[in-house]
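Structure first, then comments.
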Amino acid sequence: MTLEVTSCVRVGADVGAQLVSVNGNMLAKIYDPLYYNGYSYHCPEFRTDTINSAEIHFERGVAAYTELQRSEAARKLIPGYHGSWTLQIATPVGKIDRQIVHYRQVRMILMEYCRGKCMASIKPRTLTRKVRSAILVKVLEADAVLKHAGVEQNDLYPRNIMLIGTDYLTPSLEVKVVDFGNASIDRLSEYYQLHKKLQARWPGKMESPILKQWDESLDAFNGCSEPS
């Protein structure tokens, strides 16, 4: 398969994985350590291992997309997954007149290019309370479906939510969760036996978002359900 970059979505230094549109209808997420921030987010005075960070984000993303392919309901809430690759990137090293070319292994995930609006770009105060609540309900329902399919997204923020559609009150509005770099797989966790017991006790039942969110802050969605 031949891939051609047709536009840049998010590229540059210190932004982490690079996002580019390829062949007009797909999105390539390229986990190149050279474009990761080398400093700790929580402790800026400490350096981080960018190679390890890129590898972890890639592996978690691939594991999550692969796991979610088993659930038809979950597949509707994420971009279409087209697989993962390891690229050999030629990188010149040294002074211009005596450069040596090294080849680096860089990971890539290929997925559907979802054309919509990132939730982070929407100002909640410009929407009615009814619209804000409708969007938030869809987001929490999507998170619950992914959890039921065996994946904890672990990074539920507006920046990772795409809204497909212009009328936010219609049932046709689609919510897509687009980043799984921090995800975890339930069946690989130490709490999996507890999940199995709950599923056996209530077979086919989806876990209520209340059980997950009761002790967690939703500050990231501040304003989405407040009175006008």
Q.
How big is the dipole moment of segment 117-221 about its Cα centre under a simple scheme where the beta carbon of each Lys and Arg is +1, that of each Asp and Glu is -1, and everything else is neutral? Debye, nearest 20, please.
A. 360
Q.
Placing +1 on the Cβ of each Lys and Arg and -1 on the Cβ of each Asp and Glu in segment 5-112, which of Gly16, Leu77, Asn52 has its Cα farthest towards the positive end of the resulting dipole?
A. Leu77
Q. So how do Ile56, Ile96, Ile122, Ile210 line up by other beta-carbon neighbours within 10 Å, fewest first?
A. Ile96, Ile210, Ile56, Ile122
Q: Would you work out which of Ile164, Leu218, Gln193 lies farthest towards the positive end of the dipole of segment 112-228, given +1 charges on the beta-carbon of Lys and Arg and -1 on that of Asp and Glu, about the Cα centre?
A: Ile164
Q) Which is the longest run of the chain containing none of the GluC sites (Glu not before Pro) found in DSSP loop states (not H, G, I, E, B) with at most 16 other C-beta atoms within 10 Å? A) 46-189
Q. What's the long-distance tail for the chain, i.e. % of Cα pairs beyond 24 Å?
A. 52
Q | Residues in segment 149-175 reached by a label modelled at Lys130 [backbone nitrogen below 18 Å; 7 Å Cα→Cβ] | A | 166-173
**Q.** With at most 14 other Cβ atoms within 10 Å, longest stretch of the chain clear of loop chymotrypsin sites (Phe, Trp or Tyr not before Pro) (DSSP)
**A.** 47-190
Q.
Restricting to Cα pairs below 8 Å that are 6+ residues apart, what does the relative contact order work out to for the chain? Please round to a whole percent.
A. 19
Q: Determine the dipole magnitude for the chain: charges of +1 sit on the beta-carbon of Lys and Arg, -1 on that of Asp and Glu, nothing else is charged, the reference point is the Cα centre, and the result goes in debye to the nearest 20.
A: 460
Q: Compute the relative contact order of segment 85-196 as a whole-number percentage, counting only Cα pairs closer than 8 Å that sit 6 or more residues apart in sequence.
A: 21
Q. Magnitude of the Cβ-charge dipole of segment 5-112, K/R +1 and D/E -1, about the Cα centre, nearest 20 debye?
A. 160
Q | Debye-sum result for segment 76-135 in log10 I(q)/I(0), which assumes one identical scatterer on each alpha carbon, at q = 0.25 Å⁻¹ | A | -1.03
Q | Cross-link table Lys29/Lys123; Lys117/Lys147; Lys147/Lys176; Lys176/Lys196; Lys117/Lys212; Lys76/Lys123, entries beyond 19 Å C-alpha to C-alpha | A | Lys29/Lys123; Lys117/Lys147; Lys176/Lys196; Lys117/Lys212; Lys76/Lys123
Q) Hey, could you pull the Cα Rg and Dmax for segment 117-221, both in Å? A) 15.0, 45
Q. Normalised by the residues of segment 1-110, what does the relative contact order come to in percent, with Cα pairs under 8 Å and at least six apart?
A. 21
Q | Proxy reagent accessibility, fewest Cβ within 10 Å first, across Leu146, Leu3 | A | Leu3, Leu146
Q. Arranged by the count of other C-beta atoms within 10 angstrom, fewest first, what order do Ile164, Ile100 take?
A. Ile100, Ile164
Q: Would you please give the FRET efficiency between Trp202 and Ala73, computed as 1/(1 + (r/R0)^6) with r the Cβ-Cβ distance and R0 = 22 Å, to the nearest 0.05?
A: 0.85
Q | 17 Å cut-off, amide nitrogen to a point 7 angstrom out along Ile185 Cα→Cβ, residues in segment 140-177 | A | 146-154
Q. For segment 121-228, which trypsin sites (Lys or Arg not before Pro) are in a loop by DSSP, counting at most 13 other Cβ atoms within 10 Å?
A. Lys205
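Values in this text are rule-based calculations from the coordinates and carry no lab data. Values in this document were obtained by computation on a predicted structure and should not be read as measured data. Glycine gets a Cβ as well: all are built from the backbone with ideal geometry, and neighbour counts include every protein chain shown.
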